[in-house]
Structures are given as C-alpha cells and as structure tokens.
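The values are calculated or read from the model by the stated rules, or taken from the named source; none is laboratory data. The structure displayed is predicted, hence computed values, not measured ones. Glycine gets a Cβ as well: all are built from the backbone with ideal geometry, and neighbour counts include every protein chain shown. These area figures cover heavy atoms from the full protein model, side chains too; ligands, DNA and RNA do not enter into them. Shrake-Rupley method; radii C 1.70, N 1.55, O 1.52, S 1.80 Å.
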Amino acid sequence: MDTALELENLAKTYKIGWRGIERKAVVDISLAIPTGTVFGLLGPNGAGKTTTIKMAVGFLRPDSGRISIFGQANSLKIRSRIGFLPEQPYFYPHLTAEKALDFYARLFYIKKAVRQERVRLLLDTVGLSDSANLPLQKFSKGMLQRFGIAQALVNNPDLLIVDEPASGLDPIGQVEIRKILTALNAEGKSILLSSHYLSEVENICHEVAIINKGTVISRGKVKNLLDTGDTYAVIASSLPTDWQPIKLATKIERVNGMVRMVVEKHRLDRAIENIRSSGGFIEGVHRTTKTLEQLFMEIIGGDTRGN
Amino acid sequence: MIRVAIRAIAGNVIREAIRLKIVYVTVLFALLLFSIEPMIPSFKVGLRVQLFQDIALGVAYIAIVILAIALSVNQVPSEIERRTIYNIFSKPVRRSDFLIGKYIGILAVITACAFIMGLAVFGFVFAYFGKLSYGIFQGICMMIFEAALISAFATLISTLTSPIINTCACLLFWFVGHVKSNELAVMLDSGGAGRAVGLVLKYLLPSLDNFNISEAVARGIIVRPSFMLEVLLYTLAFSAVFLAIASFSLSRREL
Ligand SMILES: Nc1ncnc2c1ncn2[C@@H]1O[C@H](COP(=O)(O)OP(=O)(O)OP(=O)(O)O)[C@@H](O)[C@H]1O
Ligand SMILES: [Mg+2]
C-alpha cells in the first residue's frame, strides 16, 4: 500500500527569544500513514503534536529527519493535494462564510464556475448552508470549526491534516465532526488528526501513535491499545437495601439511589444476573473505555508533563 | 496577467481597508483642511492660488505618507498573530505572491485615496480661483510613487519586526530619503563615518527628494512626462528589490 504521509525521525527544538533558549518540542517522531486510512496522533498538552503537524505541512523546518507526502517532498504542487485545519483556527472575521470559502478556493486557482458549486456543496457538507451569508465573526466556536473543515476541503484534497478538530466543542459538535471525517475517509481521503482524547479518535482511526515529550511511545490499532483490561459498567436502580453485589466487581459506586458496578468482561453476565435476581432494574450497560490519561498512567507512569 | 492568488489577496486588503477607520479619518481630515484653508488669516490679505495649492498638496502628501505606513506595517504581523496565515501558506501560495498581493492591495487603496484628495484640491482651486490646475494630478501621482516606495520598505520590515518598530523605521527611511543632494555632498566629502553613511544613502537607499515636484506644481509648471516615467521606473525597481528581500525573509521565517 502507498503512503500518504511519511515522517522519518523528525526532530525540532525551538529557540526562544534573542538569547536563543532551547526548548525541545519533537525529539524523534516517525510514522507512516497508508493512503486511505485515518491516523490519530495522540498525546497530552505539549507532547509535540502541533509541532509535528506544522513540520508536515511546511510551516516549520525540522532540525533533522525527512518528510514525504505521496512519496515527494513538500512543494506547491504537493500542497494542492493537502487540506489543513490548524489548531484553534481563525479566519478573516468580516468575511461571510461563502466569501471566505471562495477566497480560499481562489488560492488553489479553482475556476469560478467550479468554485461556486464547490462552495455550496462544502457549506452543505459541514451543515452551514443556512449561515452562508453570515460574517464569520458571528459564528459560534462549533460553526467556526466546521467552517475550518470546509476550508480545508476546498481543493478536494487527498490528504487531510487536522489539528484537534473537535477541541472546545460540545459532545454533539464532536460527534458531528467525527461523522464528517468518517464520511471523508469513506470517500478515500487519508486523514491525519491529532487529539488528546482517545475517545475522540478510537472510533474513526485505523491506527494511532501516542506521543509524549516529542517521542512516539506507543503505536498500533486503537482496539489493541485498549483491549487489555476491558471493563463494563452496569448501571442499575430499584435495588433492595440488602442487595449483595457479586464478588470481584472492579468498582461499585452509589449515586442518588443508583448503583454503578464496573466488572471485567467475563463477569458481565453474572453481574447482570445478580441485579435481575435481586429485583433491580438495569438502566444501562456500556463498555468503559480507558481514557488517554489512564493509558498514559500505565505506559509512562504519569509522567505526562512536557519539559 | 496577475495570478489569481495575488488578486485574491489584494482584494482582501482592499476589503479590509474599506472597513478601516484610519482611511476615512485621514482622507476626511485632509478634505476638512482644504476647505478651511481659505479662512487662515494670511489668506485674507491676498488669496493666492500658489500658496493655497502648496499647503493643500502638503496636507495631502502627509495624509498619503501616513496611510502608506499605517496600511503596510501591520499586514504581515496581523496575519501571523491572528494565525490566518496558516490558512494561506498551507495552500499552494508562494510567499512572494502573498507579499505582492498585499502590496498591490495597499497601493490600490492609497491610489484611490490620493485621487480623491487630488480631485478635492483641484475642485477647491477651481472654486476659489477659477483656475484649472492640472499639475495637481502630476503632484498626486508623484506622491503615490513615493508612497509605493515607502510601502514596499514597510512591507519588507514587517516580515522582520513589530508594527511599532516598523513605523519608526519608516519614518527614519522617509527622513533619510529626503536628505538633499547638497547635504549628501557634504557628507561624502567628510571623512570616516560621515562618508560611509553618505555612501549608503547614495547607493543603497532611494532618494525620495526626486518625488517632490510641489514647487513646480505650485508655480503651474507641467512636469515632463519622461521625468514622471523615470521616477516611476525608479520606484518600481526599488520596490521590486524590497519585495524580493521581503519574500526571502518571509520564506526563512518559521510560522
Ligand atoms: N513557537 C514556539 N516556541 C517555543 N516553544 C514552543 C512553540 N510552540 C510550541 N512550543 C513548545 O513545544 C512543545 C510542544 O508543543 P506543541 O504545541 O507541539 O504540543 P501539542 O502536543 O500540540 O500540545 P497541545 O495538546 O496543548 O496542543 C511544548 O513544550 C511547547 O511549549
Ligand atoms: Mg497542539
């Protein structure tokens, strides 16, 4: 399989101020994104995700290492195949969504007739058709983020690079962004996305790399990274006061007359049976996914702070 | 044929300038001064067309220089600071095209403002003195050329430093550019540092004094078109050099 983006041993140290104080942001990052797949770059604040992405797009020169996009070095031609959504994107506030998209389309030398059609289609894709004539300064954060995705798609890119596309969005907004990205991948686009929430990416990424302090510390399929110690939570109500939970439950919490019992996968049936036979009502059962923070605790023992 | 990306960026500068108060304030202030000029006491003694034109064009000149500096110093820094630049250079846009687009946009705004002021002076001269003084437009053209040079310089400095330092640099550039040729001769004749500064002024920085034809305009003399063309070429050459250095500087810059 071809690779859409390949980073080899990237390193980057920032020099701050006139005294050139050094600050290591990326120490050694290698990754390869096969075409047509979604790749997640995960890591805590300050891990080096944005720095890595900026090098990939060409805003920063790596101190060492190699970047290849569709097998080539970055160039104007290569950039016409990339879509990029920066972290906390910002756009000319006085332009309307439609005008701004048209502006970005012109930077790709897209012909006027094609442009009008494309702009309309994109606003529709990200659900902003109703706000086409609204200046961007009147946009909510979620709308701006969606506009940012539209802007990144204006050239119908083969590779989409998005830096924390769902940051600052409410759960519904996050789901919407995920849906859009999944649909884009279904069209065959390769996607690199960064996040510090595993839950945000686990359903859409084929593969993730977890980075901390500028190095890749773990890499693989999301499911594999999480499968160890898979647990389920059973939430129940109407349990009698003398109810006895099953032995070996991982965790039991009581809130407002409800019980939340966390058990390992192979004990799930027994836990449900236990509640039913005690006359309790099962309000819900779901898999408890490990948070990235928990995974970090395991992998690096809580040492997540950047330098 | 100017590339689409350049036109798009220039168009954005113009759109943004239309929203900027400084453009209106400067032009309106200049218009106001033209209209109250005849009320200045000395005018009452003898309302002389030369003096009126001289002062009015002087005011327009200052307004144009202020606009050139104000419009240019913040274009690049604000794009970087607001992070809008990420949505530009992630696309197939050359750094030089970005700067050229900005520059063309700034020049378009300056030209429009300058012509509004030129028309106003022309109109006032006609209204007060019944004279059609076409030389005013020549004077305005030269001011636009000078503004173009200052703007190119400001654009170059804007890739390196903050708007405030840039403004100071522009004022210095303007001041030094107006060093008269006889003052320069004195410097070149002196030894050591004075001579070195003189050489830099003579060969590295453009002489802005060439652009000043207000005396001729005031006297009603029409300047040779070939001279205007010469100054235009001079402007274009220096601007091209400044923008080329600016492009290099911006492409070195990490964002
Ligand atoms: N322009 C800069 N100058 C100096 N240091 C920087 C700069 N940008 C980032 N850093 C430092 O580099 C390190 C990595 O930052 P980076 O922005 O890449 O992290 P990140 O993984 O994107 O974090 P977040 O999740 O908060 O966005 C941090 O220690 C940060 O302080
Ligand atoms: Mg980041």
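Miscellaneous remarks
- Summed over region A:58-77, the residues that are surrounded by fewer than 18 Cβ atoms within 10 Å (Cβ to Cβ), under 17 Å from A:Phe108 (Cβ atoms) and more than 8 Å from chain B (Cβ to nearest Cβ) give a count of 3.
- All of (1) open to solvent by 30 Å² or more (accessible area, probe 1.4 Å); (2) touching a residue at least 40 places away in the same chain (Cβ under 8 Å); (3) in a helix (DSSP H, G or I) hold for A:Met55 with one exception: (1).
- Close pairs (6 angstrom Cβ cut-off, 6 or more residues apart or separate chains): within 14 Å of B:Phe173 (Cα to Cα) in region B:203-230, surrounded by 16 or more Cβ atoms within 10 Å (Cβ to Cβ) anywhere: B:Pro206/B:Leu149; B:Pro206/B:Phe238; B:Leu208/B:Glu146; B:Leu208/B:Gly177
- Filtering B:Ile106, B:Ile136, B:Ile64 for residues that are under 30 Å from A:Val154 (Cα atoms) and open to solvent by less than 40 Å² (accessible area, probe 1.4 Å) leaves a single hit, B:Ile106.
- Elements of type helices (runs of 4 or more DSSP H) contained in region B:57-153, each with 3 or more residues being among the aromatic types (Phe, Trp, Tyr): B:95-129
- The residue of region A:181-203 that is least open to solvent (accessible area, probe 1.4 Å), among those that are at pLDDT below 90 and farther than 28 Å from A:Gly65 by Cα, is A:Glu200.
- Residues (surrounded by fewer than 24 Cβ atoms within 10 Å (Cβ to Cβ) and either more than 13 Å from ligand 1 (Cβ to nearest atom) or within 14 Å of another protein chain (Cβ to nearest Cβ) (or both)) located in region A:155-166: A:Asn155, A:Asn156, A:Pro157, A:Asp158, A:Leu159, A:Leu160, A:Glu164
- A single member of A:Gln137, A:Gln88 is within 14 Å of chain B (Cβ to nearest Cβ), within 16 Å of ligand 2 (Cβ to nearest atom) and open to solvent by 10 Å² or more (accessible area, probe 1.4 Å), and it is A:Gln88.
- Flag for A:Gly40 being open to solvent by less than 30 Å² (accessible area, probe 1.4 Å) and without any contact (Cβ under 8 Å) to a residue 40 or more places away in the chain: no
- Against the test of being within 16 Å of ligand 2 (Cβ to nearest atom), surrounded by fewer than 14 Cβ atoms within 10 Å (Cβ to Cβ) and either within 17 Å of A:Thr215 (Cβ to Cβ) or in the same structural domain as A:Glu200 (by TED's automatic domain parsing) (or both), the options A:Arg19, A:Arg23 yield a single qualifying residue, A:Arg23.
- Residue check for A:Lys12: open to solvent by less than 60 Å² (accessible area, probe 1.4 Å) and either charged (D, E, K, R) or not assigned by TED's automatic domain parsing to the domain that holds A:Lys213 (or both): yes
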